[in-house]
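To start, the structure itself, in structure tokens.
None of the figures in this text is laboratory data; all of them are computed from the coordinates on show. Just so it is clear, the model here is predicted, and its values are computed rather than measured. Heads up, the Cβs are rebuilt from the backbone with ideal geometry, glycines too, and the neighbour counts pull from every protein chain shown.
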Amino acid sequence: MGWQGTNGVIQIRGQPVSVALPPVPFYPTATNLVATLSSAADNWQPLGIWEFSLSPSAAAGRLTVSPSFLDQAFLILDHPNSPPLGHVHHLVPPPADTRALDLTLHRSGAFSEATARYHLQWPSDAARAKDLESWRRQAVSPVDWFYVELTSHCNLSCPFCPSRLLKRPRAFMTLDHARTIFSKIGAYVRRRDATWGYTETDRMVFLHVMGEPLLHPRFVDIVGVARQAGLVPGLFTNATLLNAKSIGKIFDAGLSHITISLNVTGQEGYSQLGARDGIDDQEQRVIALLRERNRRGAHRLHLDIQYIVSAGHAVSGRGLVESRQQAWACYRKWLLLLRHLEPAEHPAADRRPSIALETLGDPLADKTGDPSLRLPLDVGVDLVMKSGCSFGNAVIPSGKTLRPASRGRCPFDSPWRQMAVFVDGSVSFCNMDHENSVNLGSLLDSSVEALWDSPRLQRIRREMTAERLTEPLCRRCLGTVVPQAGHP
Ligand code: SF4
């Protein structure tokens, strides 16, 4: 593919082409160049905006239009004294029915300004369709977070979790399926990192969608399979199965992260989860895990101790965190427990927790909108206050009803960032999709890329970009829980 400029018209054919910058009569100082790409039929809505800062000597500079990728290097400044790549804003691929593109170059300095326009055309419809499809594929953001469900069985029945109502079959992922799934995710992540320059810390894969992963009889083997695939496995557990044997296995397996979902405070709340023992037993299990972590000096294993905040949210169940006082009571308890464990070796680590001033005032809500507010307890150990977790309003408290939303956008950008793989290998774009209502296909017989670029997910993203919610899952999740008629 290439471009040739003739009287302001660029033919997309063969090699990249160099185009002249609009000349300005006075340029004793630096000038700015803003390049805007738009669809020729719809030029009020830019597809991309690049901003360049030109050194004073760049009067005769040129831009190379390099169209094989619609990215920051689509336009390259050909001048030794100015950065070759512009700061790029708002880059989206053109719609599939685009016939031609307009490139507008606006240059401004202290005393003058000038504009030049180029019309970009393809030599044939086939060439145009090929480029537009290639640009669209390049623009699909990569999967950031993978969630892999090892089992849909659970040994608790928390009132705020839809697990107890699950209609999908209860199953354990087989070791063979785990090998296929993790090797595909591992290969994808390596390709992704090679393309996007990620670091290995982003190779985390969470071993959970629904169910209690420690129930899996081959848990350690599966963690090994994930690690062999080059991934960094993280565990979510309700902590009820922690004991000397399983704790040993957890450390031997080589996990990098554990979220311990305690969820509730107090015996009443704990019993309501379906637990058969006392909350003190539950806390002792967590302390045993923390003690073993210290004993082994395994401080690279990050731990989150998680509670659910119900204040202001419609979550069923007793014992959830309702107030700041309760949040700080939890915090004090775990801080003291941690401080009184066997002294840990923390080479060069500062154990004094540092909490932002605004969090001190309100430990129930992260000001960035993240539903998980972190309160540091120790090196690599956080207390997490998680807001309103009921799997996207999958469980509505009694006396309340749901008013589904028809418009909105996912606060986590899940359709652009998240892949949930269920116990049978089928896939959704969101880990709130507990029944896999979306089901994009199976990772057992498709690649991550094919599922991530499936027509259904393309449509969901397109509609959500326009704030239209097509999936009942998202309509429910972004809906509003209100009192039923006759209830306060
Ligand atoms: S259900 Fe939809 S809106 Fe809710 S978190 Fe998932 S993708 Fe986002």
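For the reader, a short list of remarks on this structure follows.
- Ratio Rg/Rh [Cα only; Rh per Kirkwood] for the range 137-231: 1.03
- Tail weight of P(r) past 18 Å, computed on alpha-carbon pairs of the range 213-271, percent: 36 percent
- Among Thr265, Thr401, the ranking by other beta carbons within 10 Å of each residue's beta carbon, starting with the fewest, stands as Thr401, Thr265.
- Between helix 219-228 and the chain: long-axis angle, C-alpha atoms, 0 to 90°, nearest 10: 20 degrees
- Extending 7 Å from the Cα toward the beta-carbon at both Phe111 and Ala139 defines two label points whose distance is 4.1 nm.
- Using alpha-carbon coordinates, inclination of helix 324-339 to the longest axis of the chain, degrees: 80 degrees
- The chain: angle of helix 175-196 to the longest principal axis, Cα-based, in degrees nearest 10: 40 degrees
- Ranked list, fewest to most other Cβ atoms within 10 Å of each Cβ, for Ser157, Ser426: Ser157, Ser426
- Calculation over all alpha carbon pairs of the range 138-194 in 10 angstrom steps from 0 returns a P(r) of 18, 36, 28, 17, 1 percent.
- For a straight C-alpha distance cut-off of 28 angstrom, the lysines reachable from Lys333 (same-chain residues fewer than eight places away being disregarded) are Lys245, Lys249, Lys367, Lys386.
- Here the Kirkwood formula, the inverse mean of 1/r across different C-alpha pairs, assigns the chain a hydrodynamic radius of 25.8 Å.
- Length released on extending from Asp78 to Thr401, taking residue separation times 0.36 nm less the Cα-Cα span: 110.2 nm
- Taking all Cα pairs closer than 8 Å and separated by 6 or more residues, the relative contact order of the chain comes to 13 percent.
- Straightening the chain between Asp370 and Gln267 buys 34.2 nm, computed as 0.36 nm per residue apart minus the Cα-Cα spacing.
- The range 399-446: Cα Rg divided by the 2.2 N^0.38 Å rule of thumb: 1.37
- Among Cys474, Cys158, the order by Cβ neighbours within 10 angstrom, fewest to most, reads Cys158, Cys474.
- Oblate is the label for the range 368-447, because a/c, from the alpha-carbon gyration tensor with a ≥ b ≥ c as root eigenvalues, is 1.5 or above and a/b does not exceed b/c.
- Kirkwood Rh and Cα Rg combined as Rg over Rh, evaluated for the range 172-279: 1.05
- Computed [θ] at 222 nm, helices only, for the chain once each DSSP H run of length n ≥ 4 contributes -39500 (n - 2.57): -8000 deg cm²/dmol
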